[in-house]
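The block underneath contains the structure these notes are about, expressed in structure tokens.
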Amino acid sequence: MRKQNKGTGTLRAFTTAGVFMLALFMPVLLCGCADTSQDDALLIDMNGETQVQQTSIESEDMAQTLPSGEEIRSIYVYVCGAVNNPDVYQVNEGSRLFELIELAGGFTSEADEAGLNLARSVADGEQIRVFTKEETAQNMTLVSENAVVQSAQEGGLVNINTASIAELTSVTGIGESRAQAIIDYREKNGGFRSVEEIKKVDGIKDGLFSKIKEYITI
């Protein structure tokens, strides 16, 4: 019985010591948990604020790139001429000419690429014709001849010693055959020495000369 009482006393002593130690460190433990919880809550708040700011910035960027309510409109453009796949192409409004050329398979080897502004925007319903280098040269010649004709019609005198067929035919009454005859005569005889000498050309007599003399010179 004494041995049993001694063990019971020892157990009580350990129990009392444990309760004392728990009471001593409880405030420390509670403070630590409170601080950790507060730090965690602060960290969550900071993260949440950062996420909101980032989302706001992204939304602003998107608003600049895609205005609210605006839709991308499709347009149709016809590409023909010196391209590999001439056709009507559907593209977004604001597309550039180089994008249409790419869709059309690019230029052919004969294309006059320098005659196009590839950076310009294309319009709905537009026809884009890519000329060959030969066609461009012919067009330039035609423009030059038209300018000569217009100049003659506006009162400019045609020099029968230097004029081309186009310049000579700009004078009313001189057709291509007479123009060629004038050129043949001046080449054979070293040029005209007077306006009246043109009457020596086959097909040009006094009646015609009276009509053209005011429009020619040497």
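Where a number appears in this text, it was derived from the coordinates with a stated rule and is not lab data. Model, not experiment: these values are computed from the prediction. Cβ placement follows ideal geometry from the backbone for every residue including glycine, while neighbour counts extend to all protein chains displayed.
Observations, loosely collected:
- Label-to-label distance, T108 versus E196, with points set 7 angstrom from Cα along the beta-carbon direction: 5.7 nm.
- Length available on full extension from N161 to Q138: 0.36 nm per residue minus the Cα-Cα distance, which gives 5.8 nm.
- Charge sum, other residues only, whose C-beta stays under 15 Å from E196's C-beta, Lys/Arg counted +1 and Asp/Glu -1: +4
- Computed from label points 7 Å out along Cα-Cβ, the spacing between T172 and R73 is 4.9 nm.
- Prolate/oblate/rounded label for region 169-209 (Cα gyration tensor, a/c 1.5): oblate
- Distances between placed amide hydrogens fall under 5 Å for V158 paired with I216, T217, all partners being 5 or more residues away or on another chain.
- A full extension of the chain between N85 and A119 corresponds to an added length of 10.2 nm, given 0.36 nm per residue minus the alpha carbon distance.
- Taking other residues whose beta carbon is less than 11 angstrom from the beta carbon of D206, and scoring Lys, Arg as +1 and Asp, Glu as -1, yields +3.
- Potential lengthening between E126 and T217 on full extension [0.36 nm per residue; Cα-Cα distance subtracted]: 28.1 nm
- Net charge over other residues, Cβ less than 12 angstrom from the Cβ of F131 (K, R count +1; D, E count -1): -3
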